[in-house]
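Structure record follows, encoded as structure tokens.
The values are calculated or read from the model by the stated rules, or taken from the named source; none is laboratory data. From a predicted model like this one, the values you see are computed outputs, not experimental measurements. Methodologically, a virtual Cβ is constructed for each residue, glycine included, from the backbone with ideal geometry; neighbour enumeration extends over all protein chains shown. These area figures cover heavy atoms from the full protein model, side chains too; ligands, DNA and RNA do not enter into them. Shrake-Rupley method; radii C 1.70, N 1.55, O 1.52, S 1.80 Å.
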Amino acid sequence: MFYKKFFVERKTRQAIKKSTVTRDNISFRKAQSIGIIYSWEGKRKAEIINDFAKEMEISGKKVQTLCYSRVDLKIVPVKVNFFSEKDFDNFGKIKSDKLNNFKNLRFDFLYHLDTLPNVYIENIMALSNARCRVSRADHTKKDLYDFMIQIRGTVGIDKLCQEILHYTKALINNV
């Protein structure tokens with residue numbers, strides 16, 4: 001597992017350096033497709049993310065979510081599309097069609113909704129074809145995200161979702 005994480009982090013750094021994807025911030029109003037990726041931390045977080053996704057759908061957006069889990073979850077109280085480290089080979093390359101399809105989608109916004117870093121999600125973010133990758137502020141990851149939201153005080157996932165929604169809805173493209 002340690003070696004796999006090492007190779008995933010290495011592949012992420014390479015992907016950032018070699019990326020030729022055109023990134024830009026479009027207005028939230030013009031955005032049509034939204035991707036949401038996050039780490040499983042229990043039913044409550046999944047419900048918050050689900051509410052966030054519903055808010056996007058109410059705004060007329062097509063939403064796809066993907067959730068990382070360290071353990072195989074056979075029975076989950078909510079419907080969630082999962083992936084794990086098993087979807088990466090021993091050298092850090094994505095080996096599942098589910099992840100390859102997700103990273104290849106041209107989302108207008110791809111939201112990483114976690115309060116802690118996750119090397120597997122960061123790899124997908126680096127390889128993503130999304131126009132704008134959004135997350136909480138982490139200045140050590142400035143090359144990984146196109147739009148970061150700084151949260152003051154204690155950072156809970158509910159507060160992060162509120163702030164990200166507020167600021168991305170405020171994006172206006174005058175073009």
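What number, rounded to the nearest 500 deg cm²/dmol, is the helix-based mean residue ellipticity at 222 nm of the chain, given -39500 (n - 2.57) per DSSP H run of at least four residues and division by all its residues?
About -11500 deg cm²/dmol.
Assigning unit charges at the beta carbon (Lys, Arg +1; Asp, Glu -1) and nothing else, what dipole magnitude in debye, to the nearest 20, does the stretch 20-148 show about its Cα centre?
Using only the charged Cβ atoms, the result is roughly 240 debye.
Could you tell me the distance between the Cα centroids of the stretch 10-25 and the stretch 84-128, to the nearest Å?
One Cα centre to the other: 13 Å.
So how long is each side of the chain along the principal axes, counting just the alpha-carbon atoms, biggest first, in Å?
45, 39, 33
If you average the sequence gap of Cα pairs under 8 Å that are 6 or more apart and divide by the length of the chain, what percent do you get for the contact order?
30
Where does each of R133, R70 land when they are ordered by accessible area, with a 1.4 Å probe and the largest first?
Sorted descending by solvent-accessible area, the residues read R70, R133.
So what does H166 come to for accessible area, using a 1.4 Å probe and Å² rounded to 10?
Surface accessible to solvent at H166 totals approximately 110 Å².
As a test question: what accessible area, to the nearest 10 Å², does I157 have when a 1.4 Å probe is rolled over all protein chains in place?
Estimated to the nearest 10 Å², I157 gives 20 Å².
Which far-off residues, 5 or more places away or on another chain, put their amide H under 5 Å from the one on R23, with H placed in the peptide plane?
none
Determine which lysines satisfy two conditions relative to K169: a Cα distance under 16 Å, and not lying fewer than 8 residues away in the same chain.
Within the straight-line limit of under 16 Å, K169 reaches these lysines: K30, K54, K61, K62, K159.
Between S84 and D97, what is the spin-label point distance in nm, taking each point 7 Å from the Cα along the Cα→C-beta axis?
A separation of 2.1 nm, rounded to one decimal place.
Need one value: the accessible area of F107 in square angstrom, 1.4 angstrom probe, rounded to the nearest 10.
For F107, solvent-accessible area is about 10 Å².
Search the structure for amide H atoms under 5 Å from the amide H of E41, placed 1.01 Å from N in the peptide plane, and list their residues when 5 or more places away or on another chain.
For E41, whose amide H was placed from the backbone, the distant partners under 5 Å are A46.
What ³J(HN,Hα) values, in whole Hz, does the Karplus curve 6.51 cos²θ - 1.76 cosθ + 1.60 give for the stretch 162-172 when θ = phi - 60°, with x put for Gly and Pro?
4, 5, 4, 4, 4, 6, 6, 5, 7, 5, 10
Of K18/K86; K17/K103; K5/K141, which ones are farther than 19 Å apart at the Cα?
Distance filter (> 19 Å) returns K18/K86.
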